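A quick write-up on the structure given underneath.
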Amino acid sequence: MDRLAQARELLSEYPVVDGHNDLPWALRNQVRYDLDRRDIAADQSAFLHTDIPRLRAGGVGAQFWSVYVRSDYAGDEAVSATLEQIDVVDQLIARYPRDLVRALTADDMEAARAQGRIASLMGAEGGHSINNSLATLRALHRLGVRYMTLTHNDTIDWADSATDEPRHGGLSGFGREVVREMNRVGMLVDLSHVAATTMRDALEVSVAPVVFSHSSARAVCDHVRNVPDDVLALLPANGGVAMATFVPKFILPAAVEWTLAADENLRAHGFHALDTTPEAMVLHRAFEEARPRPVATAATVADHLDHMREVAGVDHVGIGGDFDGTAFTPSGLDDVAGYPNLIAELLTRGWSKADLAKLTWSNAVRVLRDAEAVAREESASRGPSNAVLTAP
């Protein structure tokens, strides 16, 4: 049996839990949630990285749908936009019940796998989505959000982002309380996008496992969005999981400078740098034709996973592709159908079936289960926090 066939066989038993997919934002951005115009029961490859046929072809068994809103959304606007993102995930689950099923717990994920359906979880991308309110955090958890990325691209009132000027030296006092409250309710603390100081502070505070929903190894590609080795080395004691991303500008050193120039080209034409609408992609493609793009591959992602396994251990690695949240993807990982190519590459490198089962499925399920156990203990010993952000 060739490696690709072996990969598909393995994924039929231990499907992929992907930590981050921006389909909800793409649906907002492209068609304002008109699901008739982007019916993901059919091939949407002209517009999206994600649809149900390609999820099936890729061996995806669980997806954390990102209910991201841009970090220039602020206050109540950010909260209401996040609620709209949650609502469209609810609409997708209701519209495609044979393929998608809501999952709130690790047991729900296992039940979905047994039923042959794709467990659908949610993650909020950026603490701006709670507008400095722990009550809003708890409300998002009740609505099904199972992780929150502490920041997106901008530093917020209580946590420093990797891609903005620091203001707190990591987490503020209120930021630490946010982490404690996330532990208490059972919401995973996601450390993608945050500054390394924020990563270390959160790991110091959190009594539950953390996740990096879509970050790779900084030692392999020196980008601030990636995880330094000293932080990766803290994951075994914490129990957390770092889920490697596929975004070329975070995994391929040659792609970093090119992407900065491509983003500036978008801004010069009045588009947001994260815009992946068809109109923005026309500009991207023209830029690429004039200035050929450095291309990452499945082997590039495998280089990161090899390193992450070496530093953190095989129990602490996972996959977070960031499909539909990036304009460009690696060759062979062009969309959600591509996961077998990555697994085949790792098989070639000597990853065992047991190792790969942890990478694709078991580690992510275990992290959520452990966070649920911590939440039971924490909520039994203390009630909801009513802490408020105070001026520095």
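The values are calculated or read from the model by the stated rules, or taken from the named source; none is laboratory data. These figures come from a predicted structure and were not determined experimentally. Positions of Cβ are backbone-derived with ideal geometry, glycine not excepted, and every protein chain shown enters the neighbour counts. Protein only, heavy atoms only, side chains kept; ligands, DNA and RNA dropped before computing areas. Shrake-Rupley method; radii C 1.70, N 1.55, O 1.52, S 1.80 Å.
Overview of values
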| read-out | value |
| --- | --- |
| Most fluctuating residue given options R37, R113, R225, as computed from a GNM of the chain linking Cα atoms under 10 Å | R37 |
| Overall Cα dimensions of segment 268-386 - principal axes, largest extent first, Å | 60, 47, 24 |
| Average accessible surface area per residue within the chain, 1.4 Å rolling probe, Å² | 37 |
| Given charges at beta-carbon only (K, R positive; D, E negative), |dipole| of the chain in Debye | 720 |
| Inverse mean reciprocal Cα-Cα distance (Kirkwood Rh) of segment 1-54, Å | 13.0 |
| Heavy-atom accessible surface of the chain: percent carbon and sulfur, 1.4 Å | 50 |
| Mean Cα-pair separation over length for segment 141-250, i.e. relative contact order, pairs under 8 Å, 6 or more apart, % | 23 |
| Distribution of pairwise C-alpha distances over segment 1-158, 10 Å bins, in % | 11, 38, 33, 15, 3, 0 |
| Net lengthening on full extension, A273/T197 (0.36 nm per residue, minus Cα-Cα) | 24.8 nm |
| Translational D in µm²/s for segment 171-297 (Stokes-Einstein at 10 °C, 1.306 mPa s, Kirkwood Rh from C-alpha pairs) | 97 |
| Ordering of 260-272, 295-307 by burial proxy (mean other Cβ atoms within 10 Å per residue, highest first) | 295-307, 260-272 |
| Sequence-separation-based contact order of the chain, relative, with Cα cut under 8 Å and 6+ spacing, percent | 21 |
| Candidate residues R117, R285, R167: accessible-area rank, largest first, probe 1.4 Å | R167, R285, R117 |
| Area accessible to solvent at M1, 1.4 Å probe radius, in Å² | 140 |
| Gaussian network model of the chain, springs between alpha carbon atoms under 10 Å - residue of P292, P53, P15 with greatest fluctuation | P292 |
| Ellipticity estimate at 222 nm from DSSP helix runs (n ≥ 4, -39,500 (n - 2.57)) divided over the chain, nearest 500 | -13500 deg cm²/dmol |
| Segment 109-224: antiparallel DSSP beta bridges as a percent of all, rounded to 5 | 20 |
| Computed label-point distance, nm, for sites D107 and A135 using a 7 Å Cα→Cβ extension | 3.1 |
| Value of Rg/Rh across segment 21-94 [Cα atoms, Kirkwood radius] | 0.98 |
| Where N is the number of residues in the chain, Cα Rg divided by 2.2 N^0.38 Å | 0.91 |
| Summed side-chain charge close to V314 - residues other than V314 whose Cβ falls under 14 Å, Lys, Arg +1, Asp, Glu -1 | +1 |
| Choice from E279, E77, E177 showing the highest fluctuation, given a GNM over the chain with Cα pairs closer than 10 Å | E279 |
